Amino acid sequence: MPIRRLPPEAVNRIAAGEVIERPAAAVKELVENALDAGARRIAVRVERGGLGLISIEDDGGGIPPDELSLAVERHATSKLTASAGGDVDLLNIHTMGFRGEALPSIGAVARVSITSKARGVNETWSIEVEGGQLHPVRPAAWAALSESGTRVEVRDLFFATPARLKFMKSERAEMMAVSDVVKRLAMARPDVAFSLEHDSRTSLRLPAEADPQNEGRRARLAAILGADFAPNCIALDQTRDTVRLSGFAGLPTFHRGTREHQHLFVNGRPVKDKLIVGAVRAAYQDLLARDRHPVAALFLDLPPDEVDVNVHPAKTEVRFRDASLVRGLIVGGISHALASAGHRASTTTAQSALGAARAYEAPQPFLRPSGAQAWAVAEERVAAGDFMMPSGRVEEADRHLPAGIEPRDLEEIAGMMPAVQVSDEDARFFPLGAARAQIHETYIVAQTEDGIVIVDQHAAHERLVYERMKQMLANGGVRRQVLLIPEVVELDPSEAEAIAARAEELAQLGLVIEPFGPGAILVRETPALLGHVDAAGMLKDLADDIAELGEAHALKERLEEVCSSMACRGSVRAGRRLTADEMNSLLRQMEATPFSGQCNHGRPTYVELKLADIEKLFGRR
Ligand SMILES: Nc1ncnc2c1ncn2[C@@H]1O[C@H](COP(=O)(O)OP(=O)(O)OP(=O)(O)O)[C@@H](O)[C@H]1O
Ligand SMILES: [Mg+2]
């Protein structure tokens with residue numbers, strides 16, 4: 001067949017296939033247009049999951065009548081300006097839209113009517129497009145939301161592409177996707193009021209918030225994500241160079257089964273970005289089991305020319321100019337925030353334990369209470385190296401040691417439990433209280449000033465051992481094993497070079513390598529912790545990391561993973577009897593150790609019940 005140009009309708013339908021793959025995508029584009037028009041109020045109405053009708057009304061600046069037909073023309077936009085030479089700056093985008101593609105795409109596959117009153121124009125005008133066919137612009141009767149505004153109505157979406165229509169899920173599923181899209185955009189813009197109506201029922205009504213940065217954002221997120229969100233998340237706000245990370249990171253014990261509860265925004269644009277998702281996973285990696293996911297609402301703000309938003313048809317993926325800076329900021333920012341939460345576990349843990357709904361209180365990080373003196377005593381003792389070895393520990397751990405680990409490693413790492421003698425009287429003032437009993441040789445029951453704490457001894461000790469091992473890793477204490485026959489690994493010359501350049505850093509992590517001619521690396525020693533290592537596989541992973549992020553994460557992550565499983569094996573088992581001193585010492589260490597509120601799999605290490613709650617259980621209140 002000879003080469004021919006496709007007719008414009010076909011071109012538009014093909015483009016529409018990419019941009020508008022389901023009703024939610026149309027809603028997203030239309031709401032984004034309203035935001036770009038400076039709307040303060042956006043009302044979304046949807047019928048039959050968006051397949052019957054999508055109507056978006058805004059009080060933005062409107063479209064002047066002489067521009068209405070341009071608005072639905074392909075590659076026509078008011079958001080980019082070309083220089084005299086015809087160049088447009090695609091790397092300095094301040095608006096949600098910039099391609100001039102959304103309206104023509106929707107118009108190509110549906111019946112669209114746009115009614116608009118532009119600021120400074122007295123009349124209201126409208127235009128209709130049906131399956132790509134334009135009707136003339138004409139005056140219309142419509143009471144705009146305010147002095148100016150626009151209403152876009154989309155009927156019979158995909159009527160012009162019946163094949164696409166067959167791919168739609170149930171109306172319910174499409175509606176959920178629509179609701180999701182509106183919520184995500186609303187999270188990013190607390191300053192704008194949103195409402196969503198489905199088949200004449202209001203499902204979302206969000207007033208505009210006065211202070212969109214702080215309280216307003218918190219209020220908006222709580223309105224969308226529920227009352228559990230705020231008390232179980234930690235606020236963070238960190239800036240590195242020109243990049244700012246703010247928002248909320250969920251406590252590890254507040255985990256969920258899917259990643260759906262992670263809301264990520266780049267310059268106010270909701271994204272599903274692999275780099276960000278990966279960085280969030282890395283920040284929680286040793287706090288959660290593999291199949292559990294943290295909750296988060298994270299906002300990255302950076303100069304528009306540092307991020308490319310033109311890499312995905314629906315603009316939901318972005319590319320950062322300095323990917324490793326962004327990754328570092330996210331991993332560092334979240335870790336820092338979580339560490340500052342100390343051993344705090346989520347309120348939902350105690351709540352579900354009680355099975356009673358009570359008012360949510362934001363848990364406070366540990367403060368030094370009236371027993372400040374007691375704290376000082378304990379800290380002094382720990383600092384003085386006043387250590388005690390609980391008996392029976394090493395033999396127990398011995399049987400489970402992975403290859404490459406010697407009992408004395410564990411002894412060194414896990415063995416030291418400072419015997420902190422604090423009188424019962426003083427111990428009350430500690431957050432985790434004074435140990436009163438051990439039950440079923442598994443749980444420690446402690447009395448606090450205003451309640452009781454139940455500790456899972458294995459989970460708690462596992463966490464402590466793990467944190468200590470990580471510290472050893474960080475201090476360069478990784479022992480190495482010499483390979484009897486050094487292994488030669490073939491790589492791309494550029495990869496080999498990049499790895500060789502990091503030889504020193506890798507040696508600190510226990511991996512000793514040398515360049516071995518172009519495109520090859522000689523591996524001499526590997527981290528003892530890892531036991532037998534597939535050197536080729538590891539170097540390839542490292543090369544990918546370095547290429548993508550400029551850092552060698554793979555090795556660190558693998559070391560931490562091994563530490564995690566070692567910690568599990570080397571810790572006080574459930575079923576071991578502990579002395580009162582050992583129990584108290586465990587409690588004091590938990591208080592002093594970051595992340596001790598959950599074990600390495602995201603389960604809580606302790607549950608706290610307040611006296612008031614216990615009284616409720618017995619009907620005393
Ligand atoms: N709700 C609205 N209020 C005011 N102007 C609008 C509205 N919706 C669309 N427009 C105008 O119509 C033009 C075309 O919109 P369209 O969504 O097709 O493209 P875009 O937003 O410029 O880019 P993109 O395809 O990336 O969304 C916009 O540039 C804008 O000038
Ligand atoms: Mg647009």
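With a 1.4 Å probe and all protein chains kept in place, how do H135, H312, H94 rank by accessible area, largest first?
H94, H135, H312
If R0 is 22 Å, what FRET efficiency do you get for I485 and Q508 from their C-beta distance, rounded to 0.05?
After rounding, the FRET efficiency stands at 0.40.
Considering amide H positions built from the backbone, and no H for Pro or chain starts, which residues 5 or more places from L204, or on another chain, come under 5 Å of its amide H?
Answer set, sorted by chain and number: L196.
Per residue, how much accessible area does the stretch 1-133 show when a 1.4 Å probe rolls over the protein heavy atoms, in square angstrom?
Computed with neighbouring chains in place, this is 47 Å² per residue.
Per 0.36 nm of contour for each residue apart, how much would the distance between I14 and K616 grow if the chain were fully extended, relative to their Cα-Cα spacing?
Computed gain between I14 and K616 is 210.4 nm.
Just tell me which aspartates and glutamates come within less than 15 Å, Cα to Cα, of K616; anything on the same chain fewer than 8 places away is out.
D450, E608
Find the Cα radius of gyration of the stretch 102-223, compare it with 2.2 N^0.38 Å by division, and give the number to two decimals.
Here the Cα radius of gyration is 1.27 times the empirical estimate.
Pairs K28/K274; K315/K540; K79/K315; K166/K274; K272/K470: which are spaced more than 23 Å apart, C-alpha to C-alpha?
K315/K540; K166/K274; K272/K470
If you take the Cα Rg of the stretch 70-140 and divide it by 2.2 N^0.38 Å, with N the number of residues, what do you get?
Here the answer is 1.28, to two decimals.
Using the Karplus equation 6.51 cos²θ - 1.76 cosθ + 1.60 (θ = phi - 60°), what ³J(HN,Hα) coupling, rounded to whole Hz, does each residue of the stretch 307-322 give in order, writing x for Gly and Pro?
Values, residue by residue: 9, 9, 9, 9, 10, 8, x, 9, 6, 9, 10, 9, 10, 8, 5, 10 Hz.
Could you tell me what fraction of 2.2 N^0.38 Å the Cα radius of gyration of the stretch 178-257 comes to, as a two-decimal ratio? Walk me through the intermediate numbers first.
Values: Rg = 14.1 Å, N = 80, 2.2 N^0.38 = 11.6 Å.
In units of the globular-protein estimate, the stretch 178-257 measures up at 1.21.
Residue-wise, which Karplus ³J(HN,Hα) couplings in Hz belong to the stretch 242-257, taking 6.51 cos²θ - 1.76 cosθ + 1.60, θ = phi - 60°, and x for glycine or proline?
9, 9, 10, 10, 9, x, 9, 10, x, 4, x, 6, 9, 7, 10, x
Got a number for carbon plus sulfur as a percent of the stretch 219-265's accessible area, 1.4 Å probe?
Values: 810 of 1720 Å².
On the stretch 219-265, the fraction of accessible area on carbon and sulfur atoms equals 47 percent.
Rounded to the nearest 0.05, what FRET efficiency is calculated for E557 and D87 with R0 set to 56 Å and r the Cβ-Cβ distance?
Taking R0 as 56 Å, the efficiency between E557 and D87 is 0.85.
Translational diffusion coefficient, Stokes-Einstein: compute it for the stretch 25-152 using the Kirkwood radius over C-alpha pairs as Rh, at 25 °C and 0.890 mPa s, and state it as an integer in µm² s⁻¹.
164 µm²/s
Once label points are set 7 Å from the Cα along Cα→Cβ at both T242 and D156, what is their separation, rounded to one decimal in nm?
The two pseudo-label positions are separated by 4.9 nm.
Residues of the stretch 189-237: accessible area per residue at 1.4 Å, in Å²?
Value returned for the stretch 189-237: 48 Å² of accessible area per residue.
The values are calculated or read from the model by the stated rules, or taken from the named source; none is laboratory data. From a predicted model like this one, the values you see are computed outputs, not experimental measurements. Heads up, the Cβs are rebuilt from the backbone with ideal geometry, glycines too, and the neighbour counts pull from every protein chain shown. Just so you know, the surface numbers come from the protein's heavy atoms only, side chains and all, with ligands and any DNA or RNA stripped out. Shrake-Rupley method; radii C 1.70, N 1.55, O 1.52, S 1.80 Å.
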